[in-house]
Amino acid sequence: MKRFIGFIKKEFYHIFRDRRSLFILFGMPIAQIMLFGFAITNEINNIDIAVLDHSKDATTEEIIHKISASKYFSINQFINKESDIESVFKKGKVKAVLNFEKDFSKNLIKNHKANLQIITDATDPNTANTISNYVNAILIQYQKELNKNISIPYQIVPQTRMVYNPELKSVYMFVPGVMTIILMLVSAMMTSISITKEKELGTMEILLVSPIKPIQVIVGKVFPYIFLSVINAVVIVLLSIFIFKMPVQGSLFLLGLESILFIISALALGILISTISATQQTAMMISLMGLMLPVILLSGFIFPISSMPLPLQVISNIIPAKWFIIIIKGIMLKGVGLQYIWKETFILLGMTIFFIALSVKKYKIRLE
Amino acid sequence: MSIIISNISKSYKKVNALKNISFDVKSGELFGLIGPDGAGKTTLFRILTTLLIANEGSAKVADFDVVSEYKSIRKSVGYMPGKFSLYQDLTVEENLEFFATIFGTTIDENYDLIKDIYVQIEPFKNRRAGKLSGGMKQKLALCCALIHKPKVLFLDEPTTGVDPVSRKEFWEMLKRLQQKGITILVSTPYMDEAALCDRIALIQDGEILEIDTPQAIVKHYPKQIYNVKANKMYQLINALNDYKYNHSVYPFGEFVHYTDSRMDFNSKDLEVYLESKNLSSIEIEETKPTIEDTFMELAK
Amino acid sequence: MNNNNVIEVQNLTKMFGDFTAVNAISFEVEKGEIFGFLGANGAGKTTAMKMLIGISNPTSGKANVAGLDVYKQAEDIKKNIGYMSQKFALYDDLTVKENITFFGGIYGLSRKRIKEKSATLIEELGLESVAKKLVGSLPLGWKQKLSFSVSLLHDPKIVFLDEPTGGVDPITRRQFWELIYKAAHQGTTVFVTTHYMDEAEYCDRVSIMVNGKIEALDTPKKLKQQFNVTNMNDVFLKLARG
């Protein structure tokens, strides 16, 4: 045990003395989350919109006036028929179209209820989302003014319709993906590099010719990175909660456990990589090309798996990241518990055990 | 016997790194493995330290078999690989402490063994190993290899790339360690270091050329060697190479080491010949063979 | 400048901040001489040599290499010198011929000249059978001989050798020195930096650097007499230990 602790102490020395790597280690998750987050949540200002007003009465005129008076929107053009909606979007001149129903004012007075459709171009999902929120806010404001002296309130019912990207991928959707990538990268690449570094330096030879057991070396290498990766995971979750106001619906405890499971599977992969590479450079190349690319491309992070060609869909099943993304999306966004994700958890657990067994078996007690 | 090597052969793909090597090292002996780069020294060290398995033959270190009892060997030997394998980002003290803990001991426990060496690097104990000079690294690496009081010490080219002063100090340290009863197997490409060992094995291309004490090895040299000198080195070498009675011609510092193929060699004949080749200030005198001469004669 | 001197150095100094790596060294090297430039690691050898081959600017002092000033004509110096080190010599993944062609090209030799040169070079070194083999597959000794010959491709006035024969077997080392003697005989000046003292014994003259200064400069024979020892190693030990 003393040996093992001594080993871990040494590993932490390595980590904390390599300032540059440490900076990348902790700077990267923050930078990535910020990049993904802010590239998507840009404040809107003077967004061009179009109006399709089927009723052309006093109320619609008032609402249109309110909207164009705000600093967020400027009315770019008025269109006359439904079929024009698509063409204005295609021209890319406007980001949204307001579609007032026929007899808007009449309906409002007679039924106390009128319908307004907000159609947004969701190729830029966050803007689309923001636009509809802002329009809603203006409508609510207007309603409040209308309803001041009335017993039965008038109700303007906005219906939001997104075109081109109905799934609405937003920063919320990116958090699980980014988290997966970072945990994979830190865990797998860093461990494989730190083991191959010992090979390069020749210190591995001395470790081998010593009574320290292979399992102690492996666990000793892995342990500090479990620790660091957990910190990274916490940082990412905190950033998304506090900076991007992303609600984490499910249990944080479960999220933590699942993350640790994924971290361990990535670490085992890192060890596996180190057993087949002789230099730090090879280890890095294999980690980047062999792990990062599949994680980005095949895990469902960017491209939905359901729209992939069948062979790729099959391949995606052997990528641990795919299962992890399903799990954390479930926990973070849908708030599900273990009863809904036990299958994915089980698969991930199986993979982890397999990688660990393989890397312990592959770890050489000699030089060749 | 501390090390017993019997008929060891090892090949990598097409290269025969070691060809049927056998020799013994006695307990408490300072044994030198002398040969150029690529002779197979490192391969033999790795087999003896259980890092590689030989294709054929067997070996025992400290009475343990290198294959079946490798775990016992790993507890009882010290090994210093070719490049000083230290953690560059750890300080002198941290390196030593680390190696002590993985061997299940502490610095204090075996301090008397490394004291002589460690005091020389102690002023720098808070310096990172990567910032040490070659000589300092070498001393630290030796301390690390000794920290668990090994019975047998394997030093693979410990003096390569180290300046003469550090080299000399290093050999003095080895002598002192030997007096403490540690068996030492050391390899070096420097022929002049051979004389400092109790016994040496000359090795080239995976084969042992000769094993004996350094004194005996030079005594076995079959010929009388002459130091030849003249005003022009290049012409002298060419002239000697063209001389039909030559046995061997090797530049050796400011001289050429020359041996003649005749039994009744007369240096006057050679002088006359060299003069006929327009050389002047000719000096020819008898000299004693060195390990290097022997090595070349055997490797010829 | 003495017509026979190819290197003239006067009070050459290099400072790194407060640290004086090379401290006012002065020496001359004659045409066709084999000059040994010795010193322990960190004594300032490499820094001094870098200034002479025009890749590092001196802090003060004067130096002429092949009749060219190291301050103003550093680029011209590079055309007039050859360089070989044990660490970087040839490309292991190119064949013998490809290496020769490549380095010939770097030094601006015409295609015809490269062809002639590589033919003679391969013949002289007896490399005919391996001319089309990768350099990486050759024994170390062959590589070094080849690498030395390559550094002479453009007929430089001076060739700088950085620890050329460390670790080579004794016979190949002799063959290597025969090549050096030959080059010197043909008028090329050979400047050898090394901390292997037995290499020093082969030089016409040697200088020994300790802590940035040249502490001794003479023929090996005279140095040995002066210090009353039998080999250069002991000369060095006496100097370094003060």
Out of (1) part of a loop (DSSP other than H, G, I, E, B); (2) crowded, with 19+ Cβ neighbours inside 10 Å, the one A:Pro247 does not meet is (2)
Of the residues in the stretch A:181-210 that are within 14 Å of another protein chain (Cβ to nearest Cβ) and among the small types (Gly, Ala, Ser), the one that is farthest from A:Ser299 (Cα to Cα) is A:Ser210
Among strands (runs of 3 or more DSSP E) entirely within the stretch B:202-272, at least 3 residues that are free of Cβ contacts under 8 Å to residues at least 24 places away in the same chain occur in B:246-252
Is it the case that the stretch A:125-143 has a residue that's farther than 14 Å from A:Pro158 by Cα and assigned to a loop (DSSP other than H, G, I, E, B)? no
Only one of (1) surrounded by fewer than 21 Cβ atoms within 10 Å (Cβ to Cβ); (2) assigned to a helix (DSSP H, G or I); (3) of a type in the set (A, V, I, L, M) does not apply to A:Val336, and that is (2)
Note: among A:Glu101, A:Glu11, A:Glu82, just one is among the acidic types (Asp, Glu) and within 14 Å of another protein chain (Cβ to nearest Cβ), namely A:Glu11
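Does B:Gly104 count as more than 8 Å from chain A (Cβ to nearest Cβ), out of contact with any Asp or Glu (no Cβ under 6 Å at 6 or more places or on another chain) and in contact (Cβ under 8 Å) with a residue 24 or more places away in the chain? Quick ask: steps written out before the conclusion?
On the way: more than 8 Å from chain A (Cβ to nearest Cβ): no; out of contact with any Asp or Glu (no Cβ under 6 Å at 6 or more places or on another chain): yes; in contact (Cβ under 8 Å) with a residue 24 or more places away in the chain: yes.
Spelling it out, it is not the case that B:Gly104 is more than 8 Å from chain A (Cβ to nearest Cβ), out of contact with any Asp or Glu (no Cβ under 6 Å at 6 or more places or on another chain) and in contact (Cβ under 8 Å) with a residue 24 or more places away in the chain.
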Across (1) out of contact with any Phe, Trp or Tyr (no Cβ under 6 Å at 6 or more places or on another chain); (2) within 8 Å of another protein chain (Cβ to nearest Cβ); (3) surrounded by 22 or more Cβ atoms within 10 Å (Cβ to Cβ); (4) of a type in the set (Val, Ile, Thr), B:Ile53 clears everything bar (3)
Expected single match for modelled with pLDDT of 90 or more and assigned by TED's automatic domain parsing to the domain that holds B:Leu209 among B:Lys19, B:Lys14 is B:Lys19
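Can you say whether A:Ile47 is out of contact with any Ser or Thr (no Cβ under 7 Å at 6 or more places or on another chain), at pLDDT 85 or above and of a type outside the set (Phe, Trp, Tyr), as far as the supplied structure shows?
No.
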Filtering the stretch B:247-259 for residues that are more than 10 Å from chain C (Cβ to nearest Cβ) and closer than 15 Å to B:Ile282 by Cβ leaves a count of 1
Here the qualifying pairs (Cβ atoms under 8 Å; residues six or more apart or on different chains; first in the stretch C:20-45 and over 25 Å from C:Ala184 (Cα atoms) and without any contact (Cβ under 8 Å) to a residue 24 or more places away in the chain; second among the hydroxyl-bearing types (Ser, Thr, Tyr) and assigned to a strand (DSSP E or B)) come out as none
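Every residue, every condition in (1) of a type in the set (A, V, I, L, M, F, W, C); (2) touching a residue at least 40 places away in the same chain (Cβ under 8 Å); (3) in a strand (DSSP E or B); (4) within 12 Å of chain C (Cβ to nearest Cβ), yes or no:
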| site | (1), (2), (3), (4) |
| --- | --- |
| B:Ile117 | yes, yes, no, no |
| B:Lys139 | no, no, no, no |
| B:Leu142 | yes, yes, no, no |
| B:Thr159 | no, no, no, yes |
| B:Val162 | yes, no, no, yes |
| B:Ser166 | no, no, no, yes |
| B:Leu174 | yes, yes, no, no |
| B:Gln178 | no, yes, no, no |
| B:Gly181 | no, yes, no, no |
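Grab the helices (runs of 4 or more DSSP H) fully contained in the stretch C:15-120, keeping just those with 1 or more residues being touching a Leu at 6+ places or on another chain (Cβ under 8 Å) and surrounded by fewer than 20 Cβ atoms within 10 Å (Cβ to Cβ).
C:74-80, C:96-106
Which one of A:Ser265, A:Ser210 is assigned by TED's automatic domain parsing to the domain that holds A:Ala321, modelled with pLDDT under 90 and of a type in the set (Gly, Ala, Ser)?
Criteria check complete, one pass: A:Ser210.
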Condition set loosely packed, with under 15 Cβ neighbours inside 10 Å and more than 10 Å from chain B (Cβ to nearest Cβ), scope the stretch C:212-237, selection nearest to C:Val190 (Cα to Cα): answer is C:Lys222
Of the conditions (1) without any contact (Cβ under 8 Å) to a residue 24 or more places away in the chain; (2) of a type outside the set (Gly, Ala, Ser); (3) surrounded by 15 or more Cβ atoms within 10 Å (Cβ to Cβ), the single one that A:Ile5 does not satisfy is (3)
So the helices (runs of 4 or more DSSP H) completely within the stretch C:138-242 holding 1 or more residues that are among the hydroxyl-bearing types (Ser, Thr, Tyr) are C:140-151, C:170-185
Restricting attention to the stretch C:146-174, the residues that are over 13 Å from the mean Cα position of the chain (by Cα), within 14 Å of chain B (Cβ to nearest Cβ) and either crowded, with 20+ Cβ neighbours inside 10 Å or in contact (Cβ under 8 Å) with a residue 40 or more places away in the chain (or both) number exactly 7
Just a yes or no: is a residue in the stretch B:75-92 of a type in the set (Gly, Ala, Ser) and facing chain A (nearest Cβ under 8 Å)?
-> yes
Filtering the stretch B:205-228 down to residues that are buried (at least 18 other Cβ atoms within 10 Å of the Cβ) and either under 30 Å from C:Gly36 (Cα atoms) or in contact with a Cys (Cβ under 9 Å, 6 or more places away or on another chain) (or both) yields B:Pro214, B:Val218, B:Ile225, B:Tyr226, B:Val228
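Does any residue of the stretch A:229-236 turn out to be in contact with a Leu (Cβ under 7 Å, 6 or more places away or on another chain), buried (at least 21 other Cβ atoms within 10 Å of the Cβ) and within 14 Å of another protein chain (Cβ to nearest Cβ)?
No, the conditions are met nowhere in the stretch A:229-236.
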Is it the case that the stretch C:175-189 has a residue that's closer than 16 Å to C:Ala43 by Cβ, facing chain B (nearest Cβ under 8 Å) and in contact with a helix residue (DSSP H, G or I) (Cβ under 8 Å, 6 or more places away or on another chain)?
no
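The values are calculated or read from the model by the stated rules, or taken from the named source; none is laboratory data. Bear in mind the structure is a predicted one, so any value in this text is a computation, not a measurement. FYI the Cβ positions are ideal-geometry reconstructions off the backbone, even for glycines, and counts take in every protein chain you see.
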